[in-house]
1. Please report the projected area of segment 1-61's Cα convex hull averaged over all directions, in nm².
2. Hey, what do the phi angles of segment 2-17 turn into as Karplus ³J(HN,Hα) couplings, whole Hz, using 6.51/-1.76/1.60 and θ = phi - 60°, x for Gly and Pro?
3. Quick query: amide H of GLN29 versus all other amide H atoms, modeled in the peptide plane; which residues come in under 5 Å with a sequence gap of 5 or more or a different chain?
4. What are the ³J(HN,Hα) values, in whole Hz, obtained from phi via the Karplus relation 6.51 cos²θ - 1.76 cosθ + 1.60 with θ = phi - 60°, for each residue of segment 22-37 in sequence order, with x given for Gly and Pro?
5. Highest first, please rank the peptides 28-36, 74-82, 48-56 by the mean number of other Cβ atoms sitting within 10 Å of their residues.
Amino acid sequence: MRVLLEFPGSHHYWDEYEKTDWFCQKCGQKEVWDSLGEGDYYTGTTAYCTNCNSAMSFLGGPSQETHPAYLGLIDQLRSGQTKKPTTGKGQ
Ligand SMILES: [Zn+2]
């Protein structure tokens with residue numbers, strides 16, 4: 001599904017995520033969503049668990065992702081609703 005990543009006061013963009021068959025590295029549940037994009041050059045895509053709100057990279061291991069934009073992303077994956085941008089410039 002399409003999700004909005006919003007960096008308040010800065011910019012936002014949309015990304016496509018799909019549910020995977022993967023087990024979460026933290027809670028072990030199969031509630032992991034991964035980006036269909038190319039992701040980061042070094043660590044690959046960042047995946048998100050909607051069960052325990054963890055961010056992880058399957059190439060780079062558990063991610064230290066702490067930006068609030070990713071929590072908004074998990075909310076969208078969980079609810080199935082794409083958020084509308086409130087601030088910033090689209091990319
Ligand atoms: Zn989890």
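Read-outs throughout are calculated quantities, based only on the coordinates presented, and are distinct from any laboratory measurement. In this text, all values refer to a predicted model and were calculated from it rather than measured experimentally. Using ideal geometry, Cβ is built from the backbone for each residue, glycine included, and neighbour counts are taken over all protein chains shown.
1. On the way: hull surface 17.6 nm².
Dividing the Cα hull surface by four gives the mean projection, 4.4 nm².
2. Each residue's phi maps through the Karplus curve to give 8, 10, 9, 10, 10, 10, x, x, 10, 7, 9, 7, 10, 9, 9, 10 Hz.
3. Here CYS24 satisfy the definition.
4. Running phi through 6.51 cos²θ - 1.76 cosθ + 1.60 with θ = phi - 60° gives 6, 8, 4, 5, 9, 9, x, 7, 8, 10, 9, 10, 10, 6, 7, x Hz.
5. With the highest mean Cβ count within 10 Å placed first, the list reads 48-56, 28-36, 74-82.
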